[in-house]
1. Does A:Leu46 satisfy being outside any strand (DSSP E or B), touching a helix residue (DSSP H, G or I) at 6+ places or on another chain (Cβ under 8 Å) and open to solvent by 50 Å² or more (accessible area, probe 1.4 Å)?
2. State whether one or more residues within the stretch B:400-413 are within 14 Å of chain A (Cβ to nearest Cβ), hydrophobic (A, V, I, L, M, F, W, C), part of a helix (DSSP H, G or I) and farther than 24 Å from B:Trp684 by Cβ.
3. Among the residues of the stretch A:18-38, write down those that are of a type in the set (A, V, I, L, M), more than 7 Å from every other protein chain (Cβ to nearest Cβ) and open to solvent by less than 40 Å² (accessible area, probe 1.4 Å).
4. Check the stretch B:205-226 and report whether any residue there is among the hydrophobic types (A, V, I, L, M, F, W, C), under 28 Å from A:Gly22 (Cβ atoms) and within 14 Å of another protein chain (Cβ to nearest Cβ).
5. If B:Asp174 satisfies all but one of (1) farther than 21 Å from A:Arg55 by Cβ; (2) open to solvent by 30 Å² or more (accessible area, probe 1.4 Å); (3) part of a strand (DSSP E or B), what's the number of the condition it fails?
6. Looking at the stretch B:96-134, which of its residues are farther than 30 Å from B:Pro239 by Cβ and at pLDDT below 95?
7. Using the structure shown, decide if B:Tyr621 is at pLDDT 85 or above, over 36 Å from the mean Cα position of the chain (by Cα) and buried (at least 20 other Cβ atoms within 10 Å of the Cβ).
Amino acid sequence: MTLADAKKNDWVTVSAVRGERGFRRRLLEMGFVTGTAVRVVGVAPLGDPLELDLRGGRLSLRAVDAARIEVTG
Amino acid sequence: MASLVRLPRRGAPATTDRVPRVVVLGNPNAGKTTLFNRLAGTNLRVGNYPGVTVESSEAQVTIAGQRLQLVDLPGTYSLCGRSAEERIAVDALLGMHGHVPPDLVLLVGDVTQLQRSLYLAVQAAELGVPMLLALNMADEAETLGIDIDVAGLSDALGIPVVAVSARTGAGLDDLGARLVSAANHPDRARSTFVTPLRDDFSHAVDAATEATRGWLGASVGRAHGIWALMSVEGGEEDPTPPAVVQTIQALRAELDAAGLDVDNEVAAARYGWIDDRLSLLLKVAPGNGRRFSDRVDRVLIHPVYGFAVFILLMTLLFQGLFSWSDPAISLVEAFFGVLTDGAQAVLPPGLFADFVIDGLLAGVGGVMVFLPQILLLFLLIGLMEDSGYMSRVAYLMDRVMRSVGLHGRAFVPMLSGFACAVPAILATRTMEKRRDRLLTMMVVPLTTCSARLPVYTLLIGALFPAAIGGVPAQGLVLSGMYFLSVFAALAAAAILGRTVLKGGREPLLLELPPYRLPRAATVLRMMWDRSRVFLTEAGTVILVCTIVLWGLLAFPRVDLASLDADVAPETAQIEGSYAASLGRGLEPAIAPLGFDWTIGIGLIGSFAAREVFVATMGVVYGVGADVDEESDTLRERIRNTRRADGTPVYTPLVGLSLMMFFAFAAQCMSTLAAVKRETKSWRWPIFLTVYMTALAYIASLIVYQGGLALGFT
């Protein structure tokens, strides 16, 4: 499952981040490293981007980018 | 080649009385600039970073008798990224590529985003530069229920840590004292942090360190090796020496082959270390201010209420720029009107009076007239930024804006462009990335600004019937021009974003900070900064251009004594001027668009500002310069002006072609001056002029020639 498929308000755990190197490094450095807990707080009114709860802060990520983040429930 | 060798400081003797250099580093939105401005006070100096056209702020301050040179760096989350902003931060930190190596790093962290702030802090600290950590937003920590053990964090990192609030000023005295102490005793500010990597990575890190040492000098350590493994990519944009790139790429290939993921390992090791320490040092009380923020968000990013509020706020912003600033603009104009009258009364008529009135006063007035809109826009932007709402604008609009490659935050500048492109270009500052800012600046001038309205009103009023068969033709043409400009701006963004300003595939990483009450000091400072920069820098260019344009219209002097009595002296002067010669010279080029040389003069004059076209045409057609777009006399003249062969100069088709030209051409020196100021280079204003003028020419050509081919006249 990817973060884009995660159910709203469920806590999930990052298992891997896929994608081109620079893109991937950026996500990792923002805190999406293996083992991190993430929660989808909501989706923007136009269907994208997502609002996420990560490491005690709120971060917004587009669904296409969230689909590169593998998570386990 | 760059090295860590210390270079002599600017403006200070090389050895004894050297002023310690403190670079200010931090995540975007951590309040870094606010803190920097607080520390800098009135000593702020704006310049460029070495080798790039990105603006830098520096300030020399004296704290407790100790002089310090403060340098603000662009906001960044990491030192491994490849964006222009991140590279500047790395170069400044390592003293590469023309940067003077720092004596001390002041890292500004955000208490409400502590983990991410510490991620940058440990990265920079590990590189061995003495560091002081300022935990900003301490005032908010309380309302958010965040309790952080500052002394414990200082022990864990091995560097001084101070809690401050850049917004309220709390803790700043303590910060100043610590800065001075750290500058004098750098060894007490050197972190003991080491990224705890598994042994599997040792070989690669050691080899990378060795390669980096050969490049950057003897003081390079393991942290530089890790940095090189993470960030060196090679390719055109990477200034790393090819031999180092090769070594690093080989090492990465080895790691990949062994199934070792260095990027995840390093990021996870640092976050793991941070999480471990914070589990003891950080307490977040449940039921805190985040809950308040979430409750506000339930309305402000709600599919229905959220958009209702958004549309309401944007309407207010637009209405404000468009109409509410009007009285203030009129006041500025009235003030310069009084000055003009005064000059006319005092100065004997002649060249000098003309210069003072039409060159100097018109130029200064032409700069000042933007002030009300700039102040108002930055008041509103300041409120939106400081409250945290601007991030929600980006969140709400990202879907729409990104479809043409623009950042969600480009919405406010784009909307402001419909009032005036000049404040809109200054407003692109709300975006962090240079590429996003540039793309927005390149398309904002296509939106129908209020200066185009008088021209459209004049031409539509003169050349189109009020209604054709019950259909309101004039209104349709005008709204058509607005739709065209929206379409053109979005299409231009899509095209430029895929060609000239191609960006890498970057994830949108938008922080949604907790809401807070905006502070007057922050907002006022922003209004003042932007206005000052515009008046002093863009203003100079505008003033010079106004004087040059005046010269084109006022020279060579026409001998007024030899004129026929029935020709107005103003008309005679303009018809004999360099501008008229230029207009005649332009005629072969603009004839295919349906324009004659008199329109050519108008186009040259309109470079000062588009609405000047109306006054210029008033003079050319002998109606006088005091006409406005509602003038019946001017409309009459426009309808009745004939070419030598007796055909009318203006037809509805010529009018449409001319409006196309005004819609697309970069006929606004103030906009170009603002772009020059914001990009710190002539390259982008020149690009803007060329592409917009080409677009204007082609659009007019298609409309006019297409219209002729279809049998319209």
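1. Here the answer is yes, as A:Leu46 does meet what is asked.
2. Yes, the stretch B:400-413 has at least one match.
3. A:Val38
4. Yes; the residues of the stretch B:205-226 include at least one that is among the hydrophobic types (A, V, I, L, M, F, W, C), under 28 Å from A:Gly22 (Cβ atoms) and within 14 Å of another protein chain (Cβ to nearest Cβ).
5. Answer for B:Asp174: the failing condition is (3).
6. B:Asp110, B:Val111, B:Thr112, B:Gln113, B:Leu114, B:Gln115
7. Judged against the criteria, B:Tyr621 is not a match.
This table checks each residue for (1) open to solvent by 20 Å² or more (accessible area, probe 1.4 Å); (2) touching a residue at least 12 places away in the same chain (Cβ under 8 Å); (3) within 14 Å of another protein chain (Cβ to nearest Cβ).
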| site | (1), (2), (3) |
| --- | --- |
| B:Val367 | no, yes, no |
| B:Leu375 | yes, yes, no |
| B:Leu380 | yes, yes, no |
| B:Gly388 | no, yes, yes |
| B:Phe418 | yes, yes, no |
| B:Asp436 | yes, yes, no |
| B:Leu458 | no, yes, no |
| B:Gly480 | yes, no, no |
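The values are calculated or read from the model by the stated rules, or taken from the named source; none is laboratory data. These numbers were taken from a predicted model, which means no experiment stands behind them. Heads up, the Cβs are rebuilt from the backbone with ideal geometry, glycines too, and the neighbour counts pull from every protein chain shown. Each accessible area value is taken on the protein alone, full model and side chains, heavy atoms only, with ligands, DNA and RNA left out. Shrake-Rupley method; radii C 1.70, N 1.55, O 1.52, S 1.80 Å.
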